Amino acid sequence: MELQNTVKEALNALYHHPDDAVRMQADRWLQEFQRTIDAWQVSDNLLHDASSNQETLIFCSQTLRSKVQRDFEELPSEAFRPLRDSLNSLLTAFHKGPPKVRTQISLAVAALAVHVPAKDWGDGGIVNWLRDEMNSHPECIPSFLELLRVLPEEAFNYKIAARPDRRRQFEKELASLMEVALDILRACLNISELTEQVLEAFASWLRLRHRIPSSTLASHPLVLTALSSLSSDVLLEASVNVISELIHYTAARNSGGVVAHMPLIQVIVPQVMSLKSQLRDSSKDEEDVKAIARLFADMGDSYLELIANGSDESMVIVHALLEVASHPEYDIASMTFNFWHNLQIYLIERDSYVSFGIEASIEAERSRRLLVFRSSYESLVSLVSFRVQYPQDYADLSREDLKDFKKTRYDVADVLIDAALVLGGEATLKILYMKLVEPGGSSGNGEHSNWRSAEAALYCIRAISDYVSVTEAEVMPQVMYLLPKLPHQPQLLTTVCLTIGAYSKWLDAAPTGLSFLPSLIDILVSGMNVSEDTAAAAALAFRHICNDCGKKLCGSLDGLFHIYQRAMIGEGTFKVSAEDSLHLVEALSVVITELPSDHAKKALEVLCLPAVTPLQEVINQGPLVLGQTTARELTVHIDRLANIFRYVNHPEAVADAVQRLWPIFKAIFDIRAWDMRTMESLCRACKNAVRTSKRFMGLTIGAMLEEIQALYKQHHQSCFLYLSSEVIKIFGSDPSCADYLKILIESLFSHTICLLKTIQDFTSRPDIADDCFLLASRCIRYCPDLFFPLPVFPPLVDCAMIGITVQHREASNSIFTFLSDIFDISNSSQGEKYTSIRDNVIIPRGPTITRILVASLTGALPSSRLETVIYALLALTRAYRSRALEWAQDSVLLIPSTAATEAERSRFLRALSEVVSRGDVNALTISIEELSEVCRRNRTVQEIVQGALRPLELNLVNGVVV
């Protein structure tokens, strides 16, 4: 009683106390209470207490539902019947409300049914028990109908902590009781006020996809009621849910597919088609129209194969879907977008036509179908293109509305691409061009000109750019001729710039492309002056133009450099942001790549100058100023150099530039090594230089590595490890670098191991862990001769064992990859010579590694990482075969039988054995997923398993894992 009062007081504080801190404290206490075993009895008592208020009833019903779902195993087996009877009495007590409480109790009973085998419910399981209760308490039928509705839904609720075997058995039990359930629902149709509830429950049972003959369903009273209720405003939504499930049912492959269900399809389709006129009925509620549109969309998605044949009957459905696509409400029209996409795939892909045999027949049928659907896709282009137009009140839209508008534009772009794939890019372009030049679409420079329609048409033209041939010579010249005449309204100018960039390949290939470039580049320069958005679009377009028309622009380098330098120094009204300026850096870098080597070196100096000059100025002011300068003031210039080194594909010229700039880089390394942002930017620049220049780096690479090797010991910047990984990738196999690289990697690994001695160290330094083991994997791939004999190899494996269960995804993945690479080394062409070194390290640690892997599978890591862990376990098993099976058996036997039964553990070990004997990976994956689910089914079980496997108890003490 005291605990019950405390619960009431906490709930009162949670909902009514004026102090936020008190409310938070009450909330925490209630959450902790829900995890206790006392929560069962207290919640049950308060639900039966007539004095409990609604807040108490809702909280206790939620608690009881949660306890049944997750913590049913806390109760002794004999508690089932008293619990069932108590929940049943609550269902009858609350048959008139509150609805939220009744729903939670129904879910609790359904969860109980998932846990407890049918025989324990009496003859025929829960559905027969439910029928008997309905007969005994006819006044409570609404409550029992709700329970009947949620039963099949809960079969797929993985919040219920049932074992996989029991979950599968429950689904079979429900399937075997399908006819009983439908008989109950049919009987309830006699009570007219329950029709909506009956239909919702029927839809729920149809989701089981149990095989009921179509001939039976076609004349079933529940189906006929759903079809006849489509004309009822009150029952429309429930009816649509039923018909929608029936449509999905007739298309499900495991139920025989559409051919087997033609009797039912022939009943459904005419009834749905009769609703077509209501799509345009302005008197209909929007939600009702949406429900009807959903049926047409479901038919299109489900009967795609039939529709794709292009028969007269199927085209009736296509025309109805065009009607939906034309609806003024975007939420309704967009319901068809998935259909148009899937139909496009079906019409285009060759696999759809294999049944036609020879190539000539396939091509003939493909051409026929494309011709049949041509007019539909032409109509679709016109129907969707207007939806991208900026609304009149665009400037006043909320952030959420702006987000929705952008998403609409992206979705429409996808539909236009689907249309272009069916019609051809040129045909689609013609339709969109007509919208660009239609009256008011593009003419005039006054502020009252209709820029919105021009912008919408250009947006659509840009969307299909990848599907317009570079040889197109009819429409694109006219588009390019028109662009300079358009007003420089900001949104329109942004799209104009992006369109120029999208058709850069056309400009390069077209005979007239060169003649358009000067005026188009003028537009881009204008874009850089108008606003940040137009400048971003112009910079991106500039990059595309230079990427694809680089050879054409080599003669205009002076003009391009003028634009570049103005943007870099922010001259005049240029509004190019630091991030967008990187597009310009890439653009000029690509053009320089097209120059001969001697010209490229000079051009590269000019290109670097706007970034080098401000860095040199800061350095010239002395170490104090350099140390106090904000990271942003340095990284904006270093990032530009990084892009130059990445995109100027003249290895020797880049190497020379880096050698000249090394004093600047060294000064920044020496003074700013404490600053992570600056170091990441500088290491990225060095990495790009190494990638581009490779062996031309010469002496500079040695100086660079000496610098980071020394600085890493003091400042622990993970980017130093990442830069070293890049060096290993390029120079690892070079014998002349072996001695130096050996010293480098041993130094870096030795120091990292000192930083990562416990799992807490990994959690606090995940970036170092990530980059350390990325570097280790690179060493295995590119310089195994250096890596495996190192004294640091065994401690590095110990370090990996300690950190493998770190929750940081990238760090954990890098560790797993490192271990898997070690296990897999014997599979490589030269790997055999390292296996004895590997085995001397791994075999003594094998039992512990396996235990940690099993712990990771069963709860130490999130279930989303299973694939990575499974691969590591597979690699270990393939490498050590019978020995690995022994390790796995010893590990799995640590899991108490209360958590995983002997059968569940044996199934896992059998599957692992199958990998060794027959290489059956699929069986292992399924068995691992099931063992994982069993051991994670609730918090208590997961804690028991992890307590037995102890994955977090490893620490590095004096260089030894304990």
Checked the stretch 400-434 for anything open to solvent by 60 Å² or more (accessible area, probe 1.4 Å) and either within 30 Å of the chain's Cα centre (by Cα) or over 16 Å from S469 (Cα atoms) (or both); matches are E400, D401, K403, D404, K406, K407, Y410, D414, L421, M434
Selection from the stretch 84-106 of residues over 16 Å from D49 (Cα atoms), at pLDDT 90 or above and either touching a helix residue (DSSP H, G or I) at 6+ places or on another chain (Cβ under 7 Å) or part of a loop (DSSP other than H, G, I, E, B) (or both) yields R84, K100, T103, Q104, S106
### Task
Could you tell me whether any residue of the stretch 556-579 is over 23 Å from V530 (Cα atoms) and open to solvent by 80 Å² or more (accessible area, probe 1.4 Å)?
yes
For the stretch 742-753 the number of residues that are crowded, with 22+ Cβ neighbours inside 10 Å, touching a residue at least 40 places away in the same chain (Cβ under 8 Å) and either among the aliphatic types (A, V, I, L, M) or not in a helix (DSSP H, G or I) (or both) is 1
Considering the stretch 114-130, residues that are surrounded by 17 or more Cβ atoms within 10 Å (Cβ to Cβ) and outside any helix (DSSP H, G or I), and then whichever is farthest from the chain's Cα centre (by Cα), we arrive at G124
For this session: Return yes or no: is E173 in contact with a helix residue (DSSP H, G or I) (Cβ under 8 Å, 6 or more places away or on another chain), of a type in the set (D, E) and over 14 Å from L107 (Cβ atoms)?
Result: yes
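Which one of these is under 24 Å from D821 (Cβ atoms) and in contact with a Phe, Trp or Tyr (Cβ under 9 Å, 6 or more places away or on another chain): L755, L741, L723? Steps first, answer last, please.
Numbers: L755 fails: in contact with a Phe, Trp or Tyr (Cβ under 9 Å, 6 or more places away or on another chain); L723 fails: in contact with a Phe, Trp or Tyr (Cβ under 9 Å, 6 or more places away or on another chain).
One residue alone meets the criteria, L741.
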Inset, instruction - Please work out if F59 is open to solvent by less than 40 Å² (accessible area, probe 1.4 Å), assigned to a helix (DSSP H, G or I) and modelled with pLDDT of 95 or more. - result: yes
Expected output for the stretch 576-588 (first residue at negative phi and among the hydroxyl-bearing types (S, T, Y), partner crowded, with 21+ Cβ neighbours inside 10 Å and in a helix (DSSP H, G or I), Cβ below 8 Å, 6+ apart or cross-chain) is S577/A535; S577/A536; S581/A539; S581/A567; S581/M568; S581/R640
Expected single match for modelled with pLDDT under 95 and outside any helix (DSSP H, G or I) among P518, P511 is P511
Restricting the stretch 325-355 to residues that are aliphatic (A, V, I, L, M) and in contact with a Leu (Cβ under 7 Å, 6 or more places away or on another chain), the one surrounded by the fewest Cβ atoms within 10 Å (Cβ to Cβ) turns out to be I348
Of I822, I802, I843, the only residue that is on the phi < 0 side of the Ramachandran plot, touching a residue at least 60 places away in the same chain (Cβ under 8 Å) and not polar (S, T, N, Q) is I802
Practice item. Could you tell me whether any residue of the stretch 855-870 is under 24 Å from P164 (Cβ atoms), without any contact (Cβ under 8 Å) to a residue 40 or more places away in the chain, open to solvent by less than 50 Å² (accessible area, probe 1.4 Å) and in a helix (DSSP H, G or I)? Key: no
Only unsatisfied item for R691, checking (1) within 26 Å of C799 (Cβ to Cβ); (2) in a helix (DSSP H, G or I), is (1)
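Okay, residues lined up against (1) in contact with a Phe, Trp or Tyr (Cβ under 7 Å, 6 or more places away or on another chain); (2) open to solvent by less than 70 Å² (accessible area, probe 1.4 Å):
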{"position": "S589", "(1), (2)": "yes, yes"}
{"position": "I592", "(1), (2)": "no, yes"}
{"position": "E605", "(1), (2)": "no, no"}
{"position": "V612", "(1), (2)": "no, yes"}
{"position": "N620", "(1), (2)": "no, no"}
{"position": "G627", "(1), (2)": "no, yes"}
{"position": "E633", "(1), (2)": "no, no"}
So, first residue among the hydroxyl-bearing types (S, T, Y) in the stretch 880-903, second residue in a loop (DSSP other than H, G, I, E, B), Cβ within less than 9 Å, six or more apart or across chains; the pairs are T901/R163
Residue pairs qualifying under the 6 Å Cβ cut-off, at least six apart or on distinct chains, with the first in the stretch 285-302 being closer than 17 Å to E313 by Cα and the second being not in a helix (DSSP H, G or I), are none
field: I842 vs. criteria at pLDDT 95 or above and farther than 22 Å from V941 by Cα
entry: yes
The helices (runs of 4 or more DSSP H) lying wholly within the stretch 892-962 that contain at least 1 residues that are open to solvent by less than 50 Å² (accessible area, probe 1.4 Å) and at pLDDT below 90 are 902-918, 921-935
Yes/no for E154 being open to solvent by 10 Å² or more (accessible area, probe 1.4 Å) and farther than 21 Å from L199 by Cβ
no
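Any idea which of F773, F793 is under 20 Å from E832 (Cα atoms) and at pLDDT 95 or above? Quick ask: steps written out before the conclusion?
On the way: F773 fails: under 20 Å from E832 (Cα atoms).
Step by step, each of F773, F793 is checked, and only F793 is under 20 Å from E832 (Cα atoms) and at pLDDT 95 or above.
Among the residues of the stretch 553-563, is there at least one that is among the acidic types (D, E), part of a helix (DSSP H, G or I) and in contact (Cβ under 8 Å) with a residue 40 or more places away in the chain?
First, the residues of the stretch 553-563 that are among the acidic types (D, E): 558.
Those still in the list that are part of a helix (DSSP H, G or I) too: 558.
Next, from what is left, pick out any that are in contact (Cβ under 8 Å) with a residue 40 or more places away in the chain: none.
Scanning the stretch 553-563 turns up no residue that is among the acidic types (D, E), part of a helix (DSSP H, G or I) and in contact (Cβ under 8 Å) with a residue 40 or more places away in the chain.
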Exactly one of L790, L756 is in contact (Cβ under 8 Å) with a residue 60 or more places away in the chain and open to solvent by less than 10 Å² (accessible area, probe 1.4 Å), and that one is L756
Of the residues in the stretch 518-535, those that are more than 15 Å from L492 (Cα to Cα) and surrounded by 19 or more Cβ atoms within 10 Å (Cβ to Cβ) come to I521
Pairing a residue in the stretch 183-194 that is under 11 Å from L222 (Cα atoms) with any residue that is at pLDDT 95 or above and among the hydroxyl-bearing types (S, T, Y), where Cβ atoms lie under 8 Å and the two sit 6 or more apart in sequence or on different chains, gives L189/T195; L189/T225
Next on the checklist: Residues that are farther than 21 Å from L224 by Cβ, under 35 Å from the mean Cα position of the chain (by Cα), surrounded by fewer than 20 Cβ atoms within 10 Å (Cβ to Cβ) and among the small types (G, A, S): does the stretch 315-324 have at least one?
Outcome noted: no
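Considering only residues that are among the hydroxyl-bearing types (S, T, Y) and under 17 Å from L876 (Cα atoms), look in the stretch 813-836 and name the one that is surrounded by the most Cβ atoms within 10 Å (Cβ to Cβ).
So the first thing to find is which residues in the stretch 813-836 are among the hydroxyl-bearing types (S, T, Y), and the list is 814, 817, 820, 826, 828-829, 834-836.
Those still in the list that are under 17 Å from L876 (Cα atoms) too: 814, 817, 820, 826, 828, 834-836.
On the way: S814: 24, T817: 18, S820: 20, S826: 15, S828: 13, Y834: 20, T835: 14, S836: 9.
Among those residues, the one meeting the criterion is S814.
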Of the residues in the stretch 356-378, those that are in contact (Cβ under 8 Å) with a residue 12 or more places away in the chain and open to solvent by 50 Å² or more (accessible area, probe 1.4 Å) come to R366, R368, R374, E378
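The values are calculated or read from the model by the stated rules, or taken from the named source; none is laboratory data. Computed from a prediction, not measured in an experiment: that's the story for all the values here. Reconstructed Cβ throughout: ideal geometry from the backbone, glycine too, with neighbour counts over all protein chains shown. Heads up: the accessible areas ignore ligands, DNA and RNA and are worked out on the full protein's heavy atoms, side chains in. Shrake-Rupley method; radii C 1.70, N 1.55, O 1.52, S 1.80 Å.
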